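Let me begin by presenting the structure, written as structure tokens, before commenting on it.
The values are calculated or read from the model by the stated rules, or taken from the named source; none is laboratory data. Because the structure is predicted, anything quoted here is derived from the model rather than measured. Don't worry about glycine lacking a Cβ; one is built from the backbone with ideal geometry, like all the others, and counts go over all protein chains shown.
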Amino acid sequence: MAIEVKKPGLATSVQDQGRQGNYHLGIPPSGAMDQMSFRAANLLLGNEETAAALECALLGPELTFSEDTQVAVTGARMQPSLDGEQKPLDTVLDVRAGETLAFGFASAGARGYLAVSGGIDVPVVLGSRSTYALGALGGLHGRTLQPGDLLETGKPPPARPVGKTIPSSMQVPVSREREIRVVLGLYDARVEVQSLKRFLSEPWQVASESDRIGYRFKGGTPLNFVPREPPFGAGDDPSNIVDACYPIGSIQVPSGQQPIVLHRDAVSGGGYMMIGTVISADMDVFGQMPPNTSVRFVDVSLEQALQARAERRQRLDGIRAALRG
Amino acid sequence: MSQTVEMTAELPGTFYTRESPGSEPYVSVGATVSVGDTVGLIEVMKMFNPVVSTVAGTVVEVCVEAEDSVDVGDVLLRVEVS
């Protein structure tokens with residue numbers, strides 16, 4: 001089956017679970033930013049949970065289908081329609097050959113996930129079909145979709161009953177105010193104690209340039225650094241360090257001004273101090289934060305982070321149990 | 001009887017009234033617009049997306065300042081349809 005791209009949307013890309021094990025070579029994991037919504041879309045259709053899907057950022061694409069199939073749309077509140085007729089989110093939809101799927105504006109959240117029965121079939125590169133656009137790797141020709149693109153799909157699983165739906169309690173929240181949990185380190189000692197306290201107490205707003213590489217925040221007070229002589233190999237700016245690895249989720253604050261949280265298409269290292277790292281359980285939420293979302297960074301212990309990771313796994317197990325069979 | 005149409009933001013981001021700091025604004029109050037005219041830009045994810053007029057008429061109000069943050073559905077300008 002072929003899917004023709006009539007309109008590509010703002011930045012629509014093929015994504016899956018991502019490619020692990022190459023970050024030390026500078027190749028980031030990529031993959032769906034909101035893994036929970038991405039996996040739920042596949043589970044609705046009876047696909048492999050990590051079958052490649054389309055991540056549709058802020059403005060969805062327009063697509064026509066060459067054959068009858070089933071699709072599911074999860075994540076951001078972007079109302080799907082088939083040949084102009086509005087359809088629900090978070091459920092199994094039948095599509096007839098020749099029909100055009102379109103999306104409304106993202107009224108909440110930031111990224112819709114469109115799964116198609118059988119998954120999107122693009123070549124596997126280093127263990128993943130995910131698009132890493134900055135490195136022109138994976139996905140369809142290593143880039144976001146363009147008008148006229150044709151996407152092939154894999155072998156479809158047996159059709160699911162139309163109307164099977166994700167319980168609302170299991171959907172990733174899309175509210176405009178969020179708390180993001182952070183484990184402090186490794187360079188928080190570079191920041192004066194009162195300044196660090198203020199960083200953790202103030203609301204920060206998602207800046208418009210935020211993307212899959214990183215999320216920038218504005219609106220809070222710049223950091224005050226502890227005075228020091230720059231060590232050998234570090235730049236002169238007080239936020240500079242001797243080059244180090246950047247974990248996914250790490251929060252760098254160049255010149256102490258605007259924090260940047262690295263996400264799945266990030267660069268793997270550099271010379272900015274990192275005040276802390278967002279816990280893995282809270283990384284999905286970034287995928288659903290449009291510009292102007294208000295965030296507070298909350299300091300948690302490693303034990304609390306591991307507990308949150310276990311709870312996230314349980315939530316995913318709950319979705320699997322609710323949608324299988 | 002004339003009718004006033006609100007043009008709303010289809011994307012969240014930062015609104016720009018002109019292409020570059022040195023250029024003239026795309027539109028100002030009193031300007032005539034046609035269907036398909038660019039009336040501003042919304043920057044999001046480092047991409048500048050034209051805001052395109054869906055009506056023909058006269059701009060009666062520009063509701064956002066240059067470089068304001070906008071959300072989906074915010075009214076950008078009002079146009080009296082001709």
*asked:* Looking at region A:181-215 only, could you name the residues that are within 30 Å of residue A:10 (Cβ to Cβ), buried (at least 22 other Cβ atoms within 10 Å of the Cβ) and away from chain B (no Cβ under 14 Å)?
replied: A:182
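Given A:121, A:188, which one is among the acidic types (Asp, Glu) and under 27 Å from residue A:40 (Cβ atoms)? Talk me through it step by step, then tell me what you get.
On the way: A:188 fails: under 27 Å from residue A:40 (Cβ atoms).
Just one listed residue meets the conditions, A:121.
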*Whichever residue in region B:69-82 is within 12 Å of the chain's Cα centre (by Cα) and charged (D, E, K, R) and, among such residues, is nearest to the other protein chains (Cβ to nearest Cβ)*: B:74
_Residue selected from region A:57-81 under the condition hydrophobic (A, V, I, L, M, F, W, C) and more than 14 Å from every other protein chain (Cβ to nearest Cβ), by the criterion nearest to residue A:284 (Cα to Cα)_ = A:73
*asked:* Looking at the structure I just gave you, is residue A:84 within 14 Å of chain B (Cβ to nearest Cβ) and surrounded by fewer than 19 Cβ atoms within 10 Å (Cβ to Cβ)?
replied: no
*Listed residues A:100, A:91; which is buried (at least 16 other Cβ atoms within 10 Å of the Cβ), of a type in the set (S, T, N, Q) and farther than 15 Å from residue A:166 by Cβ?*
A:100
*Can you tell me which residues in region A:18-45 are surrounded by 22 or more Cβ atoms within 10 Å (Cβ to Cβ) and either part of a loop (DSSP other than H, G, I, E, B) or within 14 Å of chain B (Cβ to nearest Cβ) (or both)?*
A:18, A:19, A:28, A:30, A:31, A:32, A:33, A:34
*Single residue of A:137, A:126, A:151, A:114 found to be crowded, with 18+ Cβ neighbours inside 10 Å, more than 14 Å from chain B (Cβ to nearest Cβ) and over 18 Å from the mean Cα position of the chain (by Cα)*: A:151
*List every residue pair whose Cβ atoms lie under 9 Å apart, where the two residues are 6 or more positions apart in sequence or sit on different chains, the first residue falls within region B:20-33 and is over 13 Å from residue B:53 (Cα atoms), and the second residue, located anywhere, is in a loop (DSSP other than H, G, I, E, B) and modelled with pLDDT of 90 or more.*
B:25/B:17; B:25/B:31; B:28/B:17
*Kindly check whether there is at least one residue in region A:303-316 that is crowded, with 17+ Cβ neighbours inside 10 Å, touching a residue at least 12 places away in the same chain (Cβ under 8 Å), under 22 Å from residue B:13 (Cβ atoms) and not β-branched (Val, Ile, Thr).*
no
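Can you find, within region A:277-297, the residue that is surrounded by the fewest Cβ atoms within 10 Å (Cβ to Cβ) among those that are at negative phi and within 14 Å of chain B (Cβ to nearest Cβ)? Walk me through it before giving the result.
Initially, region A:277-297 is screened for residues at negative phi, giving A:277-291, A:293-297.
After this cut, where a residue has to be within 14 Å of chain B (Cβ to nearest Cβ) as well, the list is A:286-291, A:293-294.
Numbers: A:286: 25, A:287: 27, A:288: 26, A:289: 26, A:290: 25, A:291: 27, A:293: 25, A:294: 15.
Filtering region A:277-297 for residues that are at negative phi and within 14 Å of chain B (Cβ to nearest Cβ), the one surrounded by the fewest Cβ atoms within 10 Å (Cβ to Cβ) comes out as A:294.
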*Scanning for something surrounded by fewer than 18 Cβ atoms within 10 Å (Cβ to Cβ), among the basic types (Lys, Arg) and within 13 Å of chain A (Cβ to nearest Cβ), does region B:32-50 turn up at least one residue?*
yes
*Please go through region A:217-229 and pick out each residue that is under 24 Å from the mean Cα position of the chain (by Cα), assigned to a strand (DSSP E or B) and surrounded by fewer than 20 Cβ atoms within 10 Å (Cβ to Cβ).*
A:218
*In region A:223-265, which residues are of a type in the set (Gly, Ala, Ser) and without any contact (Cβ under 8 Å) to a residue 12 or more places away in the chain?*
A:233
_Any residue in region B:34-54 that is without any contact (Cβ under 8 Å) to a residue 60 or more places away in the chain sitting within a Cβ distance under 8 Å of a residue that is of a type in the set (Phe, Trp, Tyr) and surrounded by fewer than 19 Cβ atoms within 10 Å (Cβ to Cβ)? List the pairs, counting only those 6 or more apart or interchain._
B:41/B:48; B:42/B:48
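If only one of A:285, A:261, A:242 is within 27 Å of residue B:13 (Cβ to Cβ) and in a strand (DSSP E or B), which one is it?
On the way: A:285 fails: in a strand (DSSP E or B); A:242 fails: within 27 Å of residue B:13 (Cβ to Cβ).
Of A:285, A:261, A:242, the one residue that is within 27 Å of residue B:13 (Cβ to Cβ) and in a strand (DSSP E or B) is A:261.
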